[in-house]
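What follows is calculated from the coordinates using simple rules that are stated; it is not laboratory data. Here the structure is a predicted model, which means the values were calculated and not measured. Positions of Cβ are generated from backbone atoms using ideal geometry, with glycine treated the same way; all protein chains shown enter the neighbour counts.
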Amino acid sequence: MSTAESPRPRKPLVGTVRDKPLTSARIITLTAIVVPPLALLSITGLLWGVAVGPVDLIMFAIMYVLCGMGITVGFHRLFSHRAFKTTPFMTAVWAILGSMALQGPVTQWVTDHRKHHALSDKEGDPHSPHHGHGPGWKGVLKGLWHAQVGWLLTTKGLERGERYGKDLYGDPLIRRIDRLYMLWLALSLGIPFVVGWAWGGGSLWLGFQCFVWAGLLRVFVFDHLTWSVNSICHMYGRRDYATDDESRNFWPLAIPVFGEAWHNNHHAFPGSARHGLHWKQVDLSWALIYGMEKVGLAWDVKVPTQERQAIRKAKSAG
Ligand SMILES: [Zn+2]
Ligand SMILES: [Zn+2]
């Protein structure tokens with residue numbers, strides 16, 4: 001008999017919780033993640049001395065770190081997971097810095113994120129690359145697109161705190177910061193312009209140049225790298241803990257997203273202020289929280305004990 005009558009079952013392109021993701025899915029994901037930053041680096045090299053200067057890159061770095069930490073330390077670890085406590089002043093600072101990353105107001109960000117944890121890679125997860133995208137290559141591409149940016153236009157902000165963000169929607173300080181979102185947006189893009197303008201002795205062109213680099217491009221780079229946690233860290237990397245989802249630790253992203261790429265650790269211990277649980281797992285957000293704790297600006301800092309980690313790991317191995 002011909003083999004056509006008994007075809008071998010086709011493997012799905014995206015692995016299940018216990019499978020490793022297949023090579024095709026890895027290649028698609030890595031290409032989509034690696035190409036834009038490389039393109040940006042090339043443009044920087046080409047334009048050096050022509051349309052980019054030291055002040056643009058210094059401001060890029062400063063704004064990247066401040067607004068980026070606003071997301072990772074503020075929106076994520078402080079507001080979404082209450083992994084530590086801090087003063088009302090620092091609470092406001094973190095909410096404002098996070099807003100300046102232009103990923104949306106804090107209430108919306110937190111409700112979407114808590115929903116992601118509650119329904120991870122299942123129906124209702126706002127940005128799963130796995131659920132509901134169909135089989136084959138088309139499904140992989142659709143899932144990747146959805147987890148990276150598509151969800152911003154479709155499933156972001158569907159919940160308004162009825163279930164996942166009650167504490168924040170009921171907090172007058174947070175609501176006030178939310179209402180001023182357009183001011184934070186203006187500062188996020190306006191500060192680079194003013195610095196470039198002043199540095200250039202009142203040159204509008206140099207102000208515009210700094211606005212492009214430290215405003216627009218900085219937002220573009222950081223936001224895509226953090227959204228890569230939604231896509232790549234649910235598709236590619238190590239699973240140290242058997243969580244009920246597809247989360248993974250993907251080390252190459254750890255430094256640019258300030259430790260958020262230890263995403264499997266994070267799904268295993270969502271309440272932990274520390275995501276890089278081993279000294280080799282660089283986690284700059286944790287370094288900052290640790291520093292804040294040492295100077296009295298953070299307390300009730302939650303980190304799983306070595307024993308708890310060992311028990312969880314043993315369960316995962318068994
Ligand atoms: Zn996740
Ligand atoms: Zn989280």
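Descriptive notes on the structure:
- Each residue of region 128-139 was assigned a 3J(HN,Hα) from its phi angle through the Karplus expression (A = 6.51, B = -1.76, C = 1.60, θ = phi - 60°), giving 7, x, 9, 7, x, 10, x, x, x, 4, 4, x Hz with x at Gly and Pro.
- Among the GluC sites (Glu not before Pro) in region 114-174, those placed in a DSSP loop whose Cβ has at most 10 other Cβ atoms within 10 Å are Glu123, Glu162.
- Between region 96-140 and region 213-288, the C-alpha centres lie 14 angstrom from each other.
- Quarter the surface of the alpha carbon convex hull of the chain and you get the mean projected area, 20.3 square nanometres.
- Calculated from backbone phi, Karplus (6.51, -1.76, 1.60) coupling profile of region 162-171 in Hz, x at Gly/Pro: 5, 10, 9, x, 3, 4, 6, 5, x, 9
- The helix-based estimate of mean residue ellipticity at 222 nm for the chain, built from -39,500 (n - 2.57) per DSSP H run of four or more residues and divided by its residue count, is -15500 deg cm²/dmol to the nearest 500.
- Computed from backbone phi with θ = phi - 60° and the Karplus coefficients 6.51, -1.76 and 1.60, the 3J(HN,Hα) list for region 241-246 is 10, 7, 8, 8, 7, 9 Hz; x is used for glycine and proline.
- Amide N proximity, region 108-126 versus Asp244 label position 7 Å along Cα-to-Cβ, cut-off under 20 Å: 111-126
- Among Phe269, Phe222, a tally of other beta-carbon atoms within 10 Å of each Cβ gives an order, fewest to most, of Phe269, Phe222.
- Tilt relative to the chain, helix 88-99 - C-alpha long axis, 0 to 90 degrees, to 10: 70
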